[in-house]
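Structure record follows, encoded as structure tokens.
The values are calculated or read from the model by the stated rules, or taken from the named source; none is laboratory data. In this text, all values refer to a predicted model and were calculated from it rather than measured experimentally. Every residue, glycine among them, receives a Cβ derived from its backbone with ideal geometry; neighbour counts consider all protein chains shown. Side chains are part of the model used for accessible areas, which takes the heavy atoms of the whole protein and leaves out ligands, DNA and RNA. Shrake-Rupley method; radii C 1.70, N 1.55, O 1.52, S 1.80 Å.
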Amino acid sequence: MGNKRRIFLQNTGIIAATTALSPNILLSATRPAKEKLGVALVGLGYYSKDLLAPALQLTKNCELRGIVTGSPDKIPAWKAKYGLKDKNIYDYQNFDDIANNPDIDVVYVVLPPSMHAEYTIRAAKAGKHVWCEKPMAPSVTECEAMIKACKDNKVKLAIGYRCQHDPNIQAYMKVGKDRPFGKVKMISSAAGYFDGRTDHWKQSKAMGGGAMGDMGVYALQGARLATGEEPISVLAQASTTRPNIYHEVEETMMFQLEFPSGALAACHTSFGINMNHLHITYEKGWLKMQPHSSYSGNNGSMSNGTIINYPIKNQQAKQMDEDAHAILNNTNLIAPGEEGLRDIVVVEAIYKSAAQQCAIKI
């Protein structure tokens, strides 16, 4: 039932989003200075309900002030738990009215990927900053449209790459930059879990499902962030062990990446296999992370005896606080829209390689 509702909403299309409102540049330009930003969550599924909303109770620079949902039955519980005002509660039809609400500064898009572009563009046209969950969108074209809409309306766009805010992930990124062990030679990066659901958007092609766009982004980022480079070619293979469930999208994707420096990466992602690790081999040493993309507990070690195990209270809270700080102070975001676009450029090449069964230059 939920899938049907979302598919109906998705069919309104990006075209409708681009014409919903004229650019509201004046609103964003005259927005008064605030100590805390008001956040509205768009989509009240598991990630919003169990992770983002609780995390917003821990933040210093932003707070939960609104919701957007197509399920009226969810509203009473959210109002009772978070004290939300009626005027800050929207559905997908009156969403554009959020332009006139000074309580809301940021719209966090937590919808199936097929809906990311539409609601990012509509939020930008409403003069609101946008945080968008990963994957940024199913296509490069949509990503570029999202970036343009936010730039045209002078609002910031951040992608929900919580891991890039985690000091444990930042630690191996720094090793790739400082090169204490020399150049990266080989990477093994994997991210996946066994998903027992049989009727979810992650199994629907129309809604942007498939392992590659979801968990695959973590495996891809493991390689990208470890090298500090963008891949120049890819060879990929898609597969499934449950064709009755994964008949529209892949259950598992394996892909090999080549980087400009000559570094190689073997990456795996799946909705049928539990895996979460990163192993980087350098000229003069190694670095291991396991897990490397979990909600908590990411840790690792290096060949010189260095332990990577930095405490972090809540990834999502840190992510949102740092993104809010960047908005409040007009500084650079850790993971802007351009970072999301870089991943989708590679994801498109991965799908092309898997379909054509050959290596693809990027």
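Here are some residues: Ile360, Ile307, Ile312, Ile273. Which one is under 22 Å from Ala137 (Cα atoms), more than 18 Å from the chain's Cα centre (by Cα) and modelled with pLDDT of 95 or more?
Numbers: Ile307 fails: under 22 Å from Ala137 (Cα atoms); Ile312 fails: under 22 Å from Ala137 (Cα atoms); Ile273 fails: under 22 Å from Ala137 (Cα atoms).
Unique residue meeting the criteria: Ile360.
Mind checking which pairs have a first residue in the stretch 333-362 that is touching a residue at least 24 places away in the same chain (Cβ under 8 Å) and aromatic (Phe, Trp, Tyr) and a second that is crowded, with 23+ Cβ neighbours inside 10 Å and outside any helix (DSSP H, G or I), Cβ under 8 Å, 6 or more apart or different chains?
Tyr351/Met212; Tyr351/Ala236
Looking only at the stretch 295-304, how many residues end up being open to solvent by less than 40 Å² (accessible area, probe 1.4 Å) and either modelled with pLDDT under 95 or out of contact with any Cys (no Cβ under 9 Å at 6 or more places or on another chain) (or both)?
Filtering the stretch 295-304 for residues open to solvent by less than 40 Å² (accessible area, probe 1.4 Å) gives 298, 300-302.
Those left that are additionally either modelled with pLDDT under 95 or out of contact with any Cys (no Cβ under 9 Å at 6 or more places or on another chain) (or both): 300-302.
The total comes to 3.
Go through the stretch 262-290 and give me each residue that's more than 30 Å from His247 (Cβ to Cβ) and either without any contact (Cβ under 8 Å) to a residue 60 or more places away in the chain or open to solvent by less than 60 Å² (accessible area, probe 1.4 Å) (or both). Give the steps one after another, and end with the answer.
Taking the stretch 262-290 and keeping what is more than 30 Å from His247 (Cβ to Cβ), we get 262-264, 278-290.
Within the stretch 262-290, Gly262, Ala263, Leu278, Ile280, Thr281, Tyr282, Gly285, Leu287, Lys288, Met289, Gln290 qualify.
How many residues does the stretch 216-253 hold that are in contact (Cβ under 8 Å) with a residue 60 or more places away in the chain, in a loop (DSSP other than H, G, I, E, B) and surrounded by 21 or more Cβ atoms within 10 Å (Cβ to Cβ)?
So the answer is 2.
Can you say whether Glu258 is within 23 Å of the chain's Cα centre (by Cα) and at pLDDT 95 or above, as far as the supplied structure shows? Full working, then the answer.
Numbers: within 23 Å of the chain's Cα centre (by Cα): no; at pLDDT 95 or above: yes.
Judged against the criteria, Glu258 is not a match.
Is it the case that the stretch 64-77 has a residue that's in contact with a strand residue (DSSP E or B) (Cβ under 7 Å, 6 or more places away or on another chain), surrounded by 15 or more Cβ atoms within 10 Å (Cβ to Cβ), free of Cβ contacts under 8 Å to residues at least 40 places away in the same chain and more than 22 Å from Gly160 (Cα to Cα)?
yes
Is one or more of the residues making up the stretch 196-207 at pLDDT 95 or above, part of a helix (DSSP H, G or I) and open to solvent by 50 Å² or more (accessible area, probe 1.4 Å)?
Scanning the stretch 196-207, I find no residue that is at pLDDT 95 or above, part of a helix (DSSP H, G or I) and open to solvent by 50 Å² or more (accessible area, probe 1.4 Å), so the answer is no.
Looking at Ile327 and the list (1) β-branched (Val, Ile, Thr); (2) in a loop (DSSP other than H, G, I, E, B); (3) open to solvent by less than 60 Å² (accessible area, probe 1.4 Å), which single condition is not satisfied?
(2)
For the stretch 320-341, does any single residue satisfy the condition of being of a type in the set (S, T, N, Q) and under 14 Å from the mean Cα position of the chain (by Cα)?
Initially, the stretch 320-341 is screened for residues of a type in the set (S, T, N, Q), giving 329-332.
This time we only want the ones that are under 14 Å from the mean Cα position of the chain (by Cα), so: none.
Checked against the condition, which is being of a type in the set (S, T, N, Q) and under 14 Å from the mean Cα position of the chain (by Cα), the stretch 320-341 yields no hits at all.
Yes/no matrix, rows are residues, columns are (1) open to solvent by less than 10 Å² (accessible area, probe 1.4 Å); (2) under 30 Å from Val345 (Cα atoms):
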residue: Gly83; (1), (2): no, no
residue: Asn100; (1), (2): no, no
residue: Pro112; (1), (2): yes, yes
residue: Ala126; (1), (2): yes, yes
residue: Glu142; (1), (2): no, yes
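Mind listing whichever residues of the stretch 330-362 are open to solvent by 40 Å² or more (accessible area, probe 1.4 Å) and outside any helix (DSSP H, G or I)? Explain how you work it out, then say what you get.
Within the stretch 330-362, the first condition is being open to solvent by 40 Å² or more (accessible area, probe 1.4 Å), and the residues that meet it are 330-332, 334, 338, 342, 345, 348, 351-352, 355-359, 361-362.
Residues satisfying the conditions are Asn330, Thr331, Asn332, Ile334, Gln357, Cys358, Ala359, Lys361, Ile362.
Can you report the number of residues in the stretch 249-266 which are on the phi > 0 side of the Ramachandran plot and among the aliphatic types (A, V, I, L, M)?
Of the residues in the stretch 249-266, the ones on the phi > 0 side of the Ramachandran plot are 262.
So of that shortlist, the ones also among the aliphatic types (A, V, I, L, M) come out as none.
Residues that pass the stated criteria total 0.
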